[in-house]
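First the structure, in the form of structure tokens, and then the observations on it.
Just so it is clear, none of the values below were taken in a lab; they were calculated from the coordinates. All values derive from a computational prediction rather than experimental measurement. Heads up, the Cβs are rebuilt from the backbone with ideal geometry, glycines too, and the neighbour counts pull from every protein chain shown.
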Amino acid sequence: MQKVKLPKSIDPVKSALKRSEYRGVMMSSDMARLLDAVAGVADNVEIEVKFAKDAQGLTYFDGSLATSVSLVCQRCNELFEQPLEVEFCFTPVQGSEQIEQDLLPDAYDPVEVDEYGEINLLQLFEDELILALPIVALHAEEDCKVSAEEMQFGQLTPEQERPNPFAVLKELKRDQE
Ligand SMILES: [Zn+2]
């Protein structure tokens, strides 16, 4: 079955009126920031997303993302595969509707629409995948070339662990909530 390519931008309100549902893919090659953050990404990001209105008449869209990235283990420097799976539930908001945002149900993450009432899904989903990356990339202990015994001599202290460059993004996101 051929994979449907998802639109990169979408009007969530119109989509909710049509009760649009998508099951398809986005190309990881379009996600430059994600590519920069990891050693490699599977070609496709598998996406399921459904647009709807809830009982209060609020537009929302929820679904899931799934792909796989290659990361460099910070203990043994070997590459390993890490599946990335993200579930999301967003509600579109017009810029700076701060008060209304405070009234939003907790289950919804607000996401700002642009001047055309659209949401850049590509950027939004790329952000979600970046946020889902582990802060410190490490093999599962049994798969790692550096054994737990050796680790007792060369254990990383928290200061030596390389911070995820996108940790800042995570902080920003937290501040918004
Ligand atoms: Zn390792």
Report task. List the GluC sites (Glu not before Pro) within the stretch 100-142 that fall in a DSSP loop (any state other than H, G, I, E or B) and whose Cβ has at most 16 other Cβ atoms within 10 Å. Result -> Glu115
Report summary line: Convex hull around the C-alpha positions of the stretch 2-151: the volume in Å³ per residue is 141 Å³
Query - Exposure proxy order (Cβ contacts within 10 Å, fewest to most) of Val45, Val72, Val4 - result: Val4, Val72, Val45
